[in-house]
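What follows draws every value from the coordinates through simple rules; no lab data is involved. These figures come from a predicted structure and were not determined experimentally. As a convention, Cβ positions derive from the backbone with ideal geometry for all residues, glycine included, and neighbour counts pool all protein chains shown.
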Amino acid sequence: MNLFRLAGDMTHLVSVVVLLLKIHTIKSCAGVSLKTQELYALVFAARYLDLFVHFVSLYNTVMKLVFLASSFTIVWYMRRHKIVRRTYDKEHDTFRHHFIVLPCLVLGLLLNEKFTFREVMWAFSIYLEAVAILPQLVLLQRTRNIDNLTAQYVFFLGAYRVLYIFNWIYRYFTEPHFVHWISWIAGIVQTLLYGDFFYYYILSWKNNVKLELPA
Amino acid sequence: KDASERKDEL
């Protein structure tokens, strides 16, 4: 495993820890999109179907379990926890997330590396992950007071995607026959979605002012 | 190698 890949996984892990920290210790999920969190839970459930079928490494298995458990825990907190659920900004989290699941599934059926159940689910999860951040970005635009933890959560999530692209470039030149068009194109689309957020995040950090996204 | 066996990323 190269350094970009490890750094990418670690920033992904940090993003989840930051979000859980906010929810668990502050007992607030203000500014966090439940729609995005539900999509991530679905993404991991679909992608990690191979968890008990095909073993890669202990690292791989542990990370998969962590991302599965954390995504479902976050959804549970936001839906069921009696204090946390009251802080959920339902009125502004209106992105119709169900409508992007079906097109991703169709795309998975049409564009996959092999027409088997697991491969179709894998491709579906890749397409869905690419757009899963959209409800969160829309909610951020509508949020007056974006707290630091929420902004950091999205920043680390975006950083993870950027690092994965560097990882692919590295692997392309160092490993023979390492070509994954589906994850590369979907990954680049996913990373581009963060462009606007990154711009305003870095600007707010440079000027030492609170993050605000123009509507 | 099979398609799924080449996937070691998360």
Would you kindly work out the equivalent ellipsoid of the protein assembly as shown from its C-alpha gyration tensor and give its semi-axes, the square roots of five times the eigenvalues, largest first in whole Å?
-> 29, 20, 17
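Counting other beta carbons within 10 Å of each Cβ, put A:TRP205, A:TRP168, A:TRP122 in order, fewest first.
Working: A:TRP205 12, A:TRP168 21, A:TRP122 24.
The most exposed by this proxy come first: A:TRP205, A:TRP168, A:TRP122.
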With the dipole of the stretch A:101-177 worked out from charges on the C-beta (+1 for Lys and Arg, -1 for Asp and Glu) around the Cα centre, which of A:VAL162, A:PHE115, A:ILE133 lies farthest toward the positive end?
-> A:ILE133
GluC sites (Glu not before Pro) within the stretch A:89-178: which are DSSP loop residues with at most 15 other Cβ atoms inside 10 Å?
-> A:GLU91
Counting other C-beta atoms within 10 Å, which of A:VAL56, A:VAL209 has the fewest, and how do the rest follow?
-> A:VAL209, A:VAL56
Arrange the following residues from fewest to most other Cβ atoms within 10 Å of their Cβ: A:ILE185, A:ILE126.
-> A:ILE185, A:ILE126
Quick one: what are the phi-derived ³J(HN,Hα) couplings along the stretch A:87-93, Karplus 6.51/-1.76/1.60 with θ = phi - 60°, whole Hz, x for glycine and proline?
-> 8, 6, 8, 5, 4, 9, 8
Using only Cα atoms, locate the centre of the stretch A:70-112 and the centre of the stretch A:183-215, then give the distance between them in Å, rounded to an integer.
-> 21
Once the dipole of the protein assembly as shown is set up from charges on Cβ (+1 Lys and Arg, -1 Asp and Glu), the residue from the list A:TYR77, A:ILE182, A:LEU19 lying farthest towards its positive end is A:TYR77
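Taking the Cα centre of the protein assembly as shown as the origin, how large is its charge dipole in debye, to the nearest 20, when only Lys and Arg (+1) and Asp and Glu (-1) carry charge on their Cβ atoms?
On the way: 24 positive and 17 negative charges, 150 e Å.
Once rounded to the nearest 20, the dipole reads 720 debye.
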Over the Cα atoms of the stretch A:1-135, what Rg and Dmax result, in angstrom?
-> 15.8, 45
